[in-house]
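Novice: Input: one structure, supplied below.
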Amino acid sequence: MRIEEYKDMIYACGRCNLCHGTDFDERCPELFTQYWESSTLRGRIAIARGILEGKLDYSEQMAERIFGCFMCGRCQEECKKAADISTVEITKAMRADFVDRGIKIPEAGSKMVDTVLESGNIFADSPAVHAKWAEDLEFKRDAKTLFYPGCLASHRFKEKTRILVETMQAAGYELNFLGDKQRCCGTPYWITGRVSAAKDTAKTFVNMLVEMGIDEVITPCPSCFRALDEEYPKLLGTEMPFRVRHTSEILRDIVEKKKLKFRVSIDKKVTYHDPCEIGRLREIYDPARKVLGALPGVELIEMKRNREEAFCCGGGGGVKIMYEDHSNKVAKERIGDFIETNADLLTTICPACEMNLTHGTYAANIEARVIDVAELVAVAAGIVDKEILETDYFPDD
Amino acid sequence: MVDVGEITTLLTDIVGPDRVTDRDFDLIPYSRDLSPAKQKLPSHVVMPETREEIQSILQIANDIDVPVYVRGGGTSHWDAFLPQVAGPSIMLDLGRMNKVLDINERDLVVTVQPNCTWAKLDHALRNRGLTYLCSEAGGPAMTVGGSVMKAGGGPHSTAKFGFHGNQDVITLEMVLPNGDIVETGSAAWPSAGKFERQCLGPDLAGMFIGAEGILGICTELTLRIRPAVDISERMTAILPKLDDVIEFGHFINRHVGDEFLQGIYLWVDPTAPDVFFLMMDIFGYEDKIIAHRKKLIVDKIKELGGEIGDRAPADDYYGRILTGLTDLFKAGVWHFFGSGSLRIDDIPFLYKVWKEEVIEKRGYTKAGFGGQVLPRRWLAFMVTNYKEPEEWNELVKMCDEIDEIVLNGPVVPYGIGGRDGLRQFVAARDTGYYRLLKTLKRTLDPKNILQRGIFIPEEEF
């Protein structure tokens, strides 16, 4: 079993309940949706220990507890102070054990993997449809910096992605693009336990980039960022021959190195949602805030749960696909944090968060736009019209 | 005997299907606490949200003769809230009863549900410039109800007001094993409010505090609160001899130990068993009072031949214990043993057991020794980190031996618990107190439904 690898962590749990939180469910989105102790880190460790000791076995009924984890890292942030147990790694190992043992995983998770295997992306887009957002944009075929948007940015947020690329190009970045050759990074595989498929994907992807002579990958998607920067080296057992950066760092560079002039005042109160995968899981909290702080007319108001303590948007861990009701409930709760700030705009810097928080606005029955930080940069730089920030604006996509 | 499926159906009728579980993977997380107590599984976990639901659960438990156990934050150190029976048992997870119900700024009392954590309460109070006096040692996840039901204590307490598990409780709302609801203190009078502990007749709150849930389930607590103190001073000192610590303890309790001094914490590290390290927190409303108290303390430490030290180690320690538990389990999981309450003058007894029996005779050099000298006595303990599972059996054996020695001395056990706790030591003494407790238990809970096997062994009932 793959959890054997984490035996030391599992036995290090002192059952202190710090992971659980001080208010029952204000930290953990899984506990917020499923209530039981088995939904907490402490509970999952008890389950893992029970399995290791032969007192318990994986079962289809257990799947909701293991696959209903948002992998947001909120509990492990607390556990850093006590036993430093990695929920994300143990949960991944447990999901892989499900697959290895042939125990049925949530059907939507299986379907997502099948879709990626068949079409190369999670939306079953044809390559042409998947790259449609890039029409009329000019990429440099010999550039060594690859812009890799990932599935969500390609399919769901075509306009946002175009704006991001236009902004980076205006700032002088020369970007390459995979076009029809783009395929999913593989995140759907390891969040559903399909480790062998993940390995094949990583190998193919890296070979392709090496052939193209790529030495840097820029992506707006925190999952893709972590896939290329963390998972691939683990899966392939080697360092990547290219650097990987998330767009939050690129936008910060643009601001700090004054690569764009900001002439348009935003004139909005803005709050910022920390994506779990670049926040807690990579400790990238400041770049987006520095960018927002540099834009004229932006008043940043923090949500009560921010940075390390930020509540998940509900989009993590594949829960959006496998247990959509749980995901929407969490998104609605997070929108409640936004409403409390009385900010005009909810910004973030992750396509999955943008999608789920947008769904959260529907669930909370409020009219609000969820804006990528890059869109604000583009508005301030005069690259796009300010109208995209308005509540009644409907993007082309 | 009623089967698992029937119990599930009965509980589902009360709380609905989403708040009842009998699935093995849901049960196993409820099978351990913070102690090395052996794993014990309930057959059901149910998550009530109201006292009425708890009433109904207790009523059907009586009808079908299935014991009910109560779980707050699941951080007990002595097997006090784990099932003790082999057959079916119902575990109440009170996680959803966690609200701050009312902050009464005029009467300076707060009413909470039992699973409100101290950290949550503190946050709610501080937003209004208020605070509760004393803190638990169990970390931010420790619940108010769990603390009070075990008469909890921690590094912060005062000579004048004691622990929150004592004078700070104003009223309790308890559901008795037969489903009756009892309110204590001023709340016992239907047309009055929640403002005083000792009212009407006997102090029934005291009967429930520390009973580890065997006499009733706490569904609401009203506690005394105070204006927040903004001025504090943290100090450390090293004293050359344990006798000096004793003198300092008496001095603090006689001359300094009112609400302005909230903690005196002794720590003796196993690597330096003759170094007596004190950590002290002073809180107050005015700078000049803090300065006055500090001067008294500094002068006394110097008179006793001690040295005032850097506050950094105290910041680290309080940080680990009270707020962050930083690296707490790096050296293994945690266990307290050889612990209890004793007179200030009797601390050499416990220290001697630790030094001679644990460190020297058994060569166990991982356990430290410590205690709190406020209010007006020691709550002292030995504590260690150990590796599960490999060190488990050896540790439990040693702790049992040490407990036996300690409890034959002038030490009152703190935390009784179940078969892996200290209940056998209580039963063996067959005191009038114990007989009265059994009488109360039999009267209030004739079928031994609530917390069966906790405090009182089944065969003693």
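Novice: Please determine, by comparing only the residues of the stretch A:1-21 that are assigned to a loop (DSSP other than H, G, I, E, B) and more than 18 Å from B:ASN115 (Cα to Cα), which one is farthest from the other protein chains (Cβ to nearest Cβ).
Specialist: If we take residues in the stretch A:1-21 being assigned to a loop (DSSP other than H, G, I, E, B) and more than 18 Å from B:ASN115 (Cα to Cα), then A:MET1 is farthest from the other protein chains (Cβ to nearest Cβ).
Novice: May I pose another question? Please indicate, with yes or no, whether at least one residue in the stretch B:180-187 is over 20 Å from B:LYS99 (Cβ atoms), among the small types (Gly, Ala, Ser), modelled with pLDDT of 95 or more and in contact with a Gly (Cβ under 8 Å, 6 or more places away or on another chain).
Specialist: Checked the stretch B:180-187: at least one residue is over 20 Å from B:LYS99 (Cβ atoms), among the small types (Gly, Ala, Ser), modelled with pLDDT of 95 or more and in contact with a Gly (Cβ under 8 Å, 6 or more places away or on another chain).
Novice: Please specify each residue of the stretch B:90-109 satisfying the condition of being buried (at least 23 other Cβ atoms within 10 Å of the Cβ) and more than 14 Å from every other protein chain (Cβ to nearest Cβ).
Specialist: Hit for the stretch B:90-109 is B:ILE90, nothing else.
Novice: Filter the stretch A:22-54 down to the residues that are within 7 Å of chain B (Cβ to nearest Cβ) and not in a helix (DSSP H, G or I) and list them by number.
Specialist: Within the stretch A:22-54, A:THR22, A:ASP23, A:PHE24, A:TYR35, A:TRP36 qualify.
Novice: All but one of (1) surrounded by fewer than 20 Cβ atoms within 10 Å (Cβ to Cβ); (2) more than 30 Å from A:GLU309 (Cα to Cα); (3) within 14 Å of another protein chain (Cβ to nearest Cβ) hold for B:THR384; which doesn't?
Specialist: (1)
Novice: A further question follows. Any idea which of (1) within 30 Å of B:LEU395 (Cα to Cα); (2) hydrophobic (A, V, I, L, M, F, W, C); (3) open to solvent by 30 Å² or more (accessible area, probe 1.4 Å); (4) assigned to a helix (DSSP H, G or I) is the one B:ALA86 doesn't satisfy?
Specialist: Every condition holds for B:ALA86 apart from (4).
Novice: Can you find a residue that is within 14 Å of chain A (Cβ to nearest Cβ) and in contact with a strand residue (DSSP E or B) (Cβ under 6 Å, 6 or more places away or on another chain) anywhere in the stretch B:351-374?
Specialist: no
Novice: Under the condition of being open to solvent by 10 Å² or more (accessible area, probe 1.4 Å) and among the aliphatic types (A, V, I, L, M), which residue from the stretch A:295-343 is nearest to the chain's Cα centre (by Cα)?
Specialist: Filtering first and then ranking leaves A:ILE321.
Novice: Name the single residue that is nearest to A:ALA63 (Cα to Cα) among those in the stretch A:13-29 being open to solvent by less than 10 Å² (accessible area, probe 1.4 Å), in contact (Cβ under 8 Å) with a residue 60 or more places away in the chain and not aliphatic (A, V, I, L, M).
Specialist: Restricting to residues being open to solvent by less than 10 Å² (accessible area, probe 1.4 Å), in contact (Cβ under 8 Å) with a residue 60 or more places away in the chain and not aliphatic (A, V, I, L, M), the top hit is A:PRO29.
Novice: Quick one: what pairs do we get from the stretch B:299-322, first residue within 30 Å of B:TRP334 (Cα to Cα) and assigned to a helix (DSSP H, G or I), second modelled with pLDDT of 85 or more and of a type in the set (Val, Ile, Thr), C-beta under 9 Å, 6+ apart or different chains?
Specialist: The qualifying pairs are B:ALA312/B:THR236; B:PRO313/B:THR236; B:ALA314/B:THR236.
Novice: Which residue out of A:ILE45, A:ILE10 is among the β-branched types (Val, Ile, Thr), open to solvent by less than 10 Å² (accessible area, probe 1.4 Å) and closer than 26 Å to A:ARG307 by Cβ?
Specialist: Of the residues listed, the single one that is among the β-branched types (Val, Ile, Thr), open to solvent by less than 10 Å² (accessible area, probe 1.4 Å) and closer than 26 Å to A:ARG307 by Cβ is A:ILE45.
Novice: Determine whether A:ASP200 is more than 30 Å from A:ASP97 (Cβ to Cβ) and open to solvent by 30 Å² or more (accessible area, probe 1.4 Å).
Specialist: no
Novice: Still on this structure, please answer the following. Looking at the stretch B:29-48 only, could you name the residues that are over 23 Å from the mean Cα position of the chain (by Cα), within 14 Å of chain A (Cβ to nearest Cβ) and either part of a loop (DSSP other than H, G, I, E, B) or under 17 Å from B:GLN113 (Cβ atoms) (or both)?
Specialist: If the condition is that a residue be over 23 Å from the mean Cα position of the chain (by Cα), within 14 Å of chain A (Cβ to nearest Cβ) and either part of a loop (DSSP other than H, G, I, E, B) or under 17 Å from B:GLN113 (Cβ atoms) (or both), then B:VAL46 is the only one that fits.
Novice: Do the conditions hold for B:GLY153, that is, is it touching a strand residue (DSSP E or B) at 6+ places or on another chain (Cβ under 8 Å) and at positive phi?
Specialist: The answer is no for B:GLY153.
Novice: Any residue in the stretch A:120-141 that is free of Cβ contacts under 8 Å to residues at least 60 places away in the same chain sitting within a Cβ distance under 7 Å of a residue that is among the basic types (Lys, Arg) and surrounded by 14 or more Cβ atoms within 10 Å (Cβ to Cβ)? List the pairs, counting only those 6 or more apart or interchain.
Specialist: Short answer, once both residue conditions are applied: A:LYS132/A:LYS158; A:LEU137/A:ARG162.
Novice: Just wondering, is there one or more residues in the stretch A:84-92 that are out of contact with any helix residue (DSSP H, G or I) (no Cβ under 7 Å at 6 or more places or on another chain), among the polar types (S, T, N, Q), in a helix (DSSP H, G or I) and within 23 Å of B:ARG23 (Cα to Cα)?
Specialist: Taking every residue of the stretch A:84-92 in turn, none turns out to be out of contact with any helix residue (DSSP H, G or I) (no Cβ under 7 Å at 6 or more places or on another chain), among the polar types (S, T, N, Q), in a helix (DSSP H, G or I) and within 23 Å of B:ARG23 (Cα to Cα).
Novice: When you scan the stretch A:161-280 for strands (runs of 3 or more DSSP E) that lie fully inside it, which ones turn up with 3 or more residues that are not charged (D, E, K, R)?
Specialist: Counting at least 3 such residues, we get A:216-219, A:268-272.
Novice: List pairs: first residue in the stretch A:69-95 and touching a residue at least 60 places away in the same chain (Cβ under 8 Å) and more than 14 Å from every other protein chain (Cβ to nearest Cβ), second residue of a type in the set (Val, Ile, Thr) and part of a loop (DSSP other than H, G, I, E, B) anywhere in the structure, Cβ distance under 8 angstrom, at least six positions apart or on different chains.
Specialist: A:ARG95/A:ILE105; A:ARG95/A:THR192
Novice: I would also like to ask the following. Out of all the residues in the stretch B:333-349, which are under 20 Å from A:ARG15 (Cα atoms) and crowded, with 20+ Cβ neighbours inside 10 Å?
Specialist: B:VAL333, B:TRP334, B:HIS335, B:PHE337
Novice: OK, next. Regarding A:ARG65, is this residue of a type in the set (Lys, Arg) and either over 21 Å from A:ARG334 (Cα atoms) or part of a helix (DSSP H, G or I) (or both)?
Specialist: Yes.
Novice: Of all residues being touching a residue at least 24 places away in the same chain (Cβ under 8 Å) and open to solvent by 10 Å² or more (accessible area, probe 1.4 Å) in the stretch A:55-64, which is nearest to the other protein chains (Cβ to nearest Cβ)? Just the residue, please.
Specialist: The residue in question is A:SER59.
Novice: Also: Among the listed residues B:ASP230, B:ASP274, which satisfies the condition of being open to solvent by 20 Å² or more (accessible area, probe 1.4 Å), modelled with pLDDT under 95 and farther than 18 Å from B:SER157 by Cβ?
Specialist: Matching residue, one of B:ASP230, B:ASP274: B:ASP230.
Novice: Within the stretch B:116-135, take every residue that is small (Gly, Ala, Ser) and open to solvent by 30 Å² or more (accessible area, probe 1.4 Å) and give me the one that is modelled with the lowest pLDDT.
Specialist: Only one residue fits best here, namely B:ALA119.
Novice: Here's a follow-up. Residue under question is B:ASP26, and the condition is that it be at pLDDT 95 or above and within 11 Å of another protein chain (Cβ to nearest Cβ); does it hold?
Specialist: Considered against the rule, which asks whether it is at pLDDT 95 or above and within 11 Å of another protein chain (Cβ to nearest Cβ), B:ASP26 comes out as yes.
The values are calculated or read from the model by the stated rules, or taken from the named source; none is laboratory data. The structure displayed is predicted, hence computed values, not measured ones. We place every Cβ from the backbone using ideal geometry, glycine too, and count neighbours over all the protein chains shown. Please note that ligands, DNA and RNA were not included when accessible areas were found on the heavy atoms of the full protein model with its side chains. Shrake-Rupley method; radii C 1.70, N 1.55, O 1.52, S 1.80 Å.
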